[in-house]
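Novice: Dropping a structure here in structure tokens format, bear with me for questions.
The values are calculated or read from the model by the stated rules, or taken from the named source; none is laboratory data. Being a predicted model, the structure only gives us computed values, none of them experimental. Virtual Cβ from ideal backbone geometry, glycine too; neighbours counted across all protein chains shown.
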Amino acid sequence: MVIGLIVLAVVVVLYAIGTYNGLITLRNRYKNAFAQVDVQLKRRYDLIPNLVETAKAYMKHESETFEKVVAARNKAAQANRAVAADPTNPEALRELNKAEGQLVGAMRNFNIQVEAYPDLKASQNMMALQEELASTENKVSFARQAFNDAVTAYNTRREVFPSCIFAGIFGFHAAQLFEVENPVEREAVKVQF
């Protein structure tokens, strides 16, 4: 009887250690996945001021549009830094989702304004920047998907029985997906040449 209890205790301890290590591994995967998102978002944030500067030469009377794009970009970059500092913070990720939605809206408006300036659309510099932005948008989408896949694996592992018991004991909280909240934002930013 005593040997049976000792064996059971050893099995429970080994299972707890395995569960703990597995949750740490999955949490580190989704943190790394966010680091990949972060790289692509920073790339996008760096491209936006170049687009604005290129457009300014042609769109002299659109300063309000430029200001909205730059403000949305700065807000999104700030929210991104908060998530990069702690990808486990669900509130920071919600703020990033919101800021990204505002940036997408500002960029959509910017692209509508660009349509009114044929010389700007034909500019080699503008075309190159728009092509680079379109490529970056694709990379952001793929990185987001990888992040959400890693978060889903982590959340699934922490929610299944009996792992959920140990996840609660060890303080593993649910991770937040990086998802688009507004259906209009689900549409890709249209970059036209």
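Novice: Give 161, 166 a once-over and let me know the one that is surrounded by 14 or more Cβ atoms within 10 Å (Cβ to Cβ) and not acidic (Asp, Glu).
Specialist: When all the criteria are applied, what remains is 166.
Novice: If you don't mind, there's one more thing I want to ask. Can you tell me which residues in the range 144-163 are within 12 Å of residue 27 (Cα to Cα) and hydroxyl-bearing (Ser, Thr, Tyr)?
Specialist: 152, 154, 156
Novice: Filter the range 1-52 down to residues that are over 24 Å from the mean Cα position of the chain (by Cα) and small (Gly, Ala, Ser) and give me whichever is nearest to residue 106 (Cα to Cα). Outline the logic, then answer.
Specialist: Pass one, the range 1-52, residues over 24 Å from the mean Cα position of the chain (by Cα): 1-21.
Now restrict to residues that are small (Gly, Ala, Ser): 4, 9, 16, 18.
Numbers: 4: 66, 9: 59, 16: 48, 18: 47 Å.
By that ranking, first place goes to 18.
Novice: Just checking, which of 178, 170, 166 is modelled with pLDDT under 95, within 16 Å of the chain's Cα centre (by Cα) and of a type in the set (Phe, Trp, Tyr)?
Specialist: 178
Novice: Does residue 137 count as in contact (Cβ under 8 Å) with a residue 60 or more places away in the chain, exposed (fewer than 13 other Cβ atoms within 10 Å of the Cβ), of a type in the set (Asp, Glu) and assigned to a helix (DSSP H, G or I)? If you could, list the steps in order and put the result at the bottom.
Specialist: Numbers: in contact (Cβ under 8 Å) with a residue 60 or more places away in the chain: yes; exposed (fewer than 13 other Cβ atoms within 10 Å of the Cβ): no; of a type in the set (Asp, Glu): yes; assigned to a helix (DSSP H, G or I): yes.
So residue 137 does not fit the description; no.
Novice: Same structure, new question: Every residue in the range 41-86 that is of a type in the set (Lys, Arg) and in contact (Cβ under 8 Å) with a residue 60 or more places away in the chain, please.
Specialist: Matches in the range 41-86: 43, 44.
Novice: State which residue pairs qualify: first residue among the aromatic types (Phe, Trp, Tyr) and inside the range 1-22, second residue surrounded by 10 or more Cβ atoms within 10 Å (Cβ to Cβ) and not in a helix (DSSP H, G or I) in any location, beta carbons under 8 Å apart, and separation of 6 or more residues or different chains.
Specialist: The qualifying pairs are 15/162.
Novice: A further question on this structure: Please state which one of 85, 71 is under 18 Å from residue 38 (Cβ atoms) and not acidic (Asp, Glu). I'd like the intermediate steps shown before the answer.
Specialist: Values: 71 fails: under 18 Å from residue 38 (Cβ atoms).
Going through 85, 71 in turn, the sole match is 85.
Novice: Scan the range 143-152 for residues that are surrounded by fewer than 16 Cβ atoms within 10 Å (Cβ to Cβ) and in contact (Cβ under 8 Å) with a residue 40 or more places away in the chain and jot them down.
Specialist: 149 - this is the single residue of the range 143-152 that is surrounded by fewer than 16 Cβ atoms within 10 Å (Cβ to Cβ) and in contact (Cβ under 8 Å) with a residue 40 or more places away in the chain.
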